[in-house]
Amino acid sequence: MIEMNFTFKDVLPFLNDLESEKNQLLLASAYSDLVTKNGKGNDFLGWLDLPESITANLVEEIRQTAKQLREQSDVVVVVGIGGSYLGARAVIEALQPYFASEINNNAPQLLYAGNNISEDYLYDLIKLLEKKFFSIIVISKSGTTTEPALAFRLLKELCENKFGKTEAAKRIVAITDKQRGALKKMAVTAGYKTFVIPDDVGGRYSVLTPVGLLPIAVAGFNIVQLLEGARNMRKLLLSSNKWKENLAMQYALCRFLLYTQQQKKIELMVTYEPKLFYFVEWYKQLFGESEGKESKGIFPAGAVFSTDLHSLGQYIQEGERMLFETVLSVEQNMHTLPIPYMEGDADGLNYLQKKSIHEINRTAEKGTRLAHLEGDVPNMIISISSINEQTLGELIFFFEFSCALGGYMLQINPFDQPGVEAYKSNMFQLLGKPK
Ligand code: PA5
C-alpha cells in the first residue's frame, strides 16, 4: 500500500550505537511526546490528524471553488510566502509537465507572488496580467505578512480596475485565520470567498489544508489521492513505536546521530528530477524553520543532480566533511525517448543506445552515492515508485512527522519560529512603520 521506501544501510558504518539504550530512549520519548501530544508546541499539532480529520464537505468545497477559478481564468496567481506557498508549489511543479505554461492542457497557468519584495518582479507580473483573465488566491495565516500583503494590494487594485469591484470579488479567494488579521477583515468587507487555516496548524505544516489543496486542485491535480497518500503514511507511522518498523523514526534517528556523533551539520536533500526542485525547497523550509533554534539544528540544503554535480559536486566530494546526503529517488519515469543511433559515433555515445535515459540518470545516482560514500559523505535514500499524488502525499506526511520527531530529539519546539521576527522588526523600524 505504501509506495515510499527508506534505506539507511549506507549510514550504518558511520554510526556505532544506533541501538544504544540512551538513543532508543530519546527516540521513544520523542515519538511518545508527538503521538500523545504532550511535547513542546502541542497546540500546533493539528497537522498530525489532518489527513483523517479533513471532511468530505471541505474537500468538495475546495474542488468546486477550484472549478470556478479554472473556468474563469487563464492565470491564477497564488499570493503567499513560506508555508503559505511552498507546499502548493512543491506539489504542482512535481506533478505538472515540464514547460506546462507552453502546453495547452485546459488548466490555467499558476503564477506566484508575495514571496519576494522585488519591484521588477511585480511590475513584470502586472504587465503580464493586464492582458489575461486572472484570479487571485491570497494566503496568509496571520493576515499581516508584509510580502504577500504588498503584492496583494497591487494585484487587488489591478483586478478591480480590470474587472470592476463586483467581478473582482468573485475572482479573489482568501485563505487565512478564521477571525484574526487584516486579510480576514478585507475578505469580509469585500465579500471574498474564504477558507480557514486551522488555529492548530502552523504555516509550514499546512499543505494539506486549503492552503495547499486549493491551488493544487486549481492546477488540475487530484487532492483526494494526495490526502489518501498522506493518510496511508499516517497510518503506518502511527501503527508502531518500534524504530525498526517505523520509517520516520529510522530517518529521524539517523539524522540525529549523524549530527550529534559525526558533526554532520548539513543535510543535502538531493533529487535527480528537476521537477522536484520545489519539493526540496518545501523540505528546506519545513526543517529549517522547525529545527534551527537555540543554537541547534541541522542546516537543510538542497541540490538538483546531475546539474549541481557540475557546481557543488567538487565541494561535496572533497570539501569540508560536514555533510550528509539524503537522496529523493524516483524509480520510474513517465515517458521514454529512444537514444538515436549515430553513424560513425562522432560523439562516442553509441554505447548508451541500448539503455534508456532514465537508466542513465539512475546510474548517475548510484555512481554518485558510491563516490560520496567513499568521500565520507554518508547517504540515505528516500525512494518513491513514481511521482504522483499518492506518493507525494506519503512524502509530505513522512517529512512532517520526521521533522517533528527530529525537533523533539533536539529538545526544541519544532512548531514555532521566533527567529523569523528579527528581520521584520529591523525592517519595520528602518521603514518607519507606525507603532
Ligand atoms: O511556517 C511558517 O509559519 C511561516 O513560514 C509562514 O508560513 C510564513 O511566514 C507566512 O506567514 P503567514 O501565512 O502568516 O503570512
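The values are calculated or read from the model by the stated rules, or taken from the named source; none is laboratory data. Predicted, not measured: the structure shown is a model, and the values here were computed from it. Cβ sites come from the backbone with ideal geometry, for glycine too, and all protein chains shown count toward neighbours. Protein only, heavy atoms only, side chains kept; ligands, DNA and RNA dropped before computing areas. Shrake-Rupley method; radii C 1.70, N 1.55, O 1.52, S 1.80 Å.
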Checking Ala422 against (1) within 16 Å of the ligand (Cβ to nearest atom); (2) in a helix (DSSP H, G or I); (3) in contact with an Asp or Glu (Cβ under 8 Å, 6 or more places away or on another chain), which test does it fail?
-> (3)
Leu86 vs. criteria touching a helix residue (DSSP H, G or I) at 6+ places or on another chain (Cβ under 6 Å), farther than 23 Å from Lys185 by Cα, open to solvent by less than 40 Å² (accessible area, probe 1.4 Å) and not acidic (Asp, Glu) | yes
Which one is nearest to Glu365 (Cα to Cα) among residues in the stretch 279-325 that are touching a residue at least 60 places away in the same chain (Cβ under 8 Å) and among the charged types (D, E, K, R)?
-> Glu281
Do we find a residue being within 16 Å of the ligand (Cβ to nearest atom) and in the same structural domain as Ser142 (by TED's automatic domain parsing) anywhere in the stretch 70-77?
-> yes
Can Asn241 be described as of a type in the set (S, T, N, Q), open to solvent by 10 Å² or more (accessible area, probe 1.4 Å) and in contact with a Phe, Trp or Tyr (Cβ under 9 Å, 6 or more places away or on another chain)?
-> yes
Output for Cβ contacts, cut-off 7 Å, separation at least six or different chains, first residue touching a residue at least 24 places away in the same chain (Cβ under 8 Å) and assigned to a helix (DSSP H, G or I) in the stretch 68-89, second more than 16 Å from the ligand (Cβ to nearest atom) and open to solvent by 40 Å² or more (accessible area, probe 1.4 Å), reads Gln72/Phe133
Mind checking which residues of the stretch 28-50 are among the hydrophobic types (A, V, I, L, M, F, W, C) and assigned to a helix (DSSP H, G or I)?
-> Ala28, Ala30, Leu34, Val35, Phe44, Trp47, Leu48, Leu50
Among the residues of the stretch 119-142, which ones are in a loop (DSSP other than H, G, I, E, B), over 10 Å from Gly80 (Cα atoms) and touching a residue at least 12 places away in the same chain (Cβ under 8 Å)?
-> Glu130, Lys132, Phe133, Ser142
When the stretch 78-103 is examined, which residues are found to be of a type in the set (Phe, Trp, Tyr) and within 16 Å of the ligand (Cβ to nearest atom)?
-> Tyr85
Selection from the stretch 119-140 of residues farther than 21 Å from Ala219 by Cα and open to solvent by less than 40 Å² (accessible area, probe 1.4 Å) yields Leu122
Residue by residue through the stretch 281-303, note down the ones that are surrounded by fewer than 22 Cβ atoms within 10 Å (Cβ to Cβ) and within 16 Å of the ligand (Cβ to nearest atom).
-> Glu281, Lys284, Gln285, Gly288, Gly292, Lys293, Gly297
Scan the stretch 201-218 for residues that are away from the ligand (no atom under 16 Å from the Cβ) and within 29 Å of Gly292 (Cα to Cα) and jot them down.
-> Ile216
Please find, among Phe221, Phe195, the residue that is within 27 Å of Ser53 (Cα to Cα) and within 16 Å of the ligand (Cβ to nearest atom).
-> Phe195
Scanning the stretch 141-155 for residues that are open to solvent by 10 Å² or more (accessible area, probe 1.4 Å), away from the ligand (no atom under 13 Å from the Cβ) and within 28 Å of Tyr205 (Cβ to Cβ) gives Arg153
The residue from Arg180, Arg204 that alone is without any contact (Cβ under 8 Å) to a residue 40 or more places away in the chain, over 18 Å from Val76 (Cβ atoms) and not hydrophobic (A, V, I, L, M, F, W, C) is Arg180
Going by the structure shown, is Thr209 free of Cβ contacts under 8 Å to residues at least 40 places away in the same chain and crowded, with 24+ Cβ neighbours inside 10 Å?
-> no
Taking the stretch 335-360, which residues are assigned to a helix (DSSP H, G or I) and open to solvent by 40 Å² or more (accessible area, probe 1.4 Å)?
-> Glu343, Gly344, Asp345, Tyr351, Ile357, Glu359, Ile360
Which one of Asn106, Asn116, Asn161 is surrounded by fewer than 20 Cβ atoms within 10 Å (Cβ to Cβ), assigned to a loop (DSSP other than H, G, I, E, B) and away from the ligand (no atom under 16 Å from the Cβ)?
-> Asn106
Requiring at least 3 residues that are within 16 Å of Ile382 (Cα to Cα) and modelled with pLDDT of 95 or more, the helices (runs of 4 or more DSSP H) wholly within the stretch 240-327 are 247-262, 277-291
Somewhere in the stretch 179-189, is a residue within 14 Å of the ligand (Cβ to nearest atom) and surrounded by 24 or more Cβ atoms within 10 Å (Cβ to Cβ)?
-> yes
